[in-house]
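Read through the structure below, which is laid out as structure tokens, and then see the notes.
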Amino acid sequence: MRKNIVAGNWKMNNDVKETKALLKELKKGLKKIPLKNTKVIVAPTFVNLGVAVAETKKSKIKVASQNMHAAKNGAYTGEISADMLKSIKVKTVILGHSERRAYFGETDAVLKEKVDSALAQNMKIIFCFGEELNDRKEKNHFNLVENQIKNALFHLPETDWKKIVLAYEPVWAIGTGETATPEQAQEMHAFIRKTVTDKYTSEIAENVSILYGGSVKPANAKEIFSNTDVDGGLIGGAALKAADFLAIIASI
């Protein structure tokens, strides 16, 4: 049975003091929310991962990294390896986020290497993908999403899919003034699940969690999460406010 997951991507926000304060509020608030079949994840910036792990010890919150390098070690200034993450007890990594693709030129080929490296170190992966506004307007969104998944993940053996969570990001609906409806979210999530079924099996597809990453807020979370193939959300801005993030978690 696949899990519901609400993951907060903090991006380049929060210093040490702010990290501790936000986690303190989240821990307190989560005591009042029943988390039946639901996992809560936060992804602070690299410099605060160790702090976050320490602060969330014995809590309901798991800590993930926002990125990692494919290499085990070497002359890659400013980069972080899977081994380094594991050494501070971070066992989950977000890969393929739309901002990594857009601002840092991460291609499907680069992400395939990162996926392989993370899995080789027994890391769990939240793999992101999604279309831009032009892709949606040109009705190329299904084809693009299918290729992003295939190119980075469809070489994997079936057993590796136990460590994969998918996260669909309709980039066109994030900060553009355009709005994605719950029906559009469900339509794409159902397509994603069918794509996995066609390559592997319906059992694997039914057991993989597919998160929605299109500007989820307390006001729309319940309606989005009520869709059959939406198993939670990858939350950006709303994850930086404890009250908002807790409301989103409660809505699932």
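Examine the range 210-223 for a residue that is over 26 Å from GLU106 (Cα atoms) and outside any helix (DSSP H, G or I), and state whether such a residue exists. Taking every residue of the range 210-223 in turn, at least one turns out to be over 26 Å from GLU106 (Cα atoms) and outside any helix (DSSP H, G or I). Regarding LYS124, is this residue touching a residue at least 40 places away in the same chain (Cβ under 8 Å), over 28 Å from ALA242 (Cα atoms), among the charged types (D, E, K, R) and surrounded by 15 or more Cβ atoms within 10 Å (Cβ to Cβ)? It is false that LYS124 is touching a residue at least 40 places away in the same chain (Cβ under 8 Å), over 28 Å from ALA242 (Cα atoms), among the charged types (D, E, K, R) and surrounded by 15 or more Cβ atoms within 10 Å (Cβ to Cβ). Within the range 171-187, restricting attention to residues that are in contact with a Ser or Thr (Cβ under 9 Å, 6 or more places away or on another chain) and touching a residue at least 40 places away in the same chain (Cβ under 8 Å), which residue is surrounded by the fewest Cβ atoms within 10 Å (Cβ to Cβ)? Top of the filtered list is GLY175. The numbered conditions (1) hydroxyl-bearing (Ser, Thr, Tyr); (2) touching a strand residue (DSSP E or B) at 6+ places or on another chain (Cβ under 7 Å); (3) at pLDDT below 95 are all true for THR179 except (2).
Would you mind stating whether LEU111 is within 18 Å of LEU166 (Cβ to Cβ) and either modelled with pLDDT under 95 or hydrophobic (A, V, I, L, M, F, W, C) (or both)? So LEU111 passes the test.
Is it the case that ALA190 is surrounded by fewer than 21 Cβ atoms within 10 Å (Cβ to Cβ), touching a residue at least 24 places away in the same chain (Cβ under 8 Å) and under 18 Å from the mean Cα position of the chain (by Cα)? Lay out the reasoning, then the answer.
Values: surrounded by fewer than 21 Cβ atoms within 10 Å (Cβ to Cβ): yes; touching a residue at least 24 places away in the same chain (Cβ under 8 Å): yes; under 18 Å from the mean Cα position of the chain (by Cα): yes.
Considered against the rule, which asks whether it is surrounded by fewer than 21 Cβ atoms within 10 Å (Cβ to Cβ), touching a residue at least 24 places away in the same chain (Cβ under 8 Å) and under 18 Å from the mean Cα position of the chain (by Cα), ALA190 comes out as yes.
Taking (1) touching a Ser or Thr at 6+ places or on another chain (Cβ under 9 Å); (2) in a strand (DSSP E or B) in turn, LEU234 satisfies each apart from (1).
Per the conditions (1) touching a residue at least 60 places away in the same chain (Cβ under 8 Å); (2) more than 21 Å from the chain's Cα centre (by Cα), the sole criterion not satisfied by LEU35 is (2).
The values are calculated or read from the model by the stated rules, or taken from the named source; none is laboratory data. For clarity, every value in this text was computed on a predicted model and none was experimentally measured. When we count neighbours, we look across all protein chains shown, and the Cβ atoms used for this are built from the backbone with ideal geometry, even at glycine.
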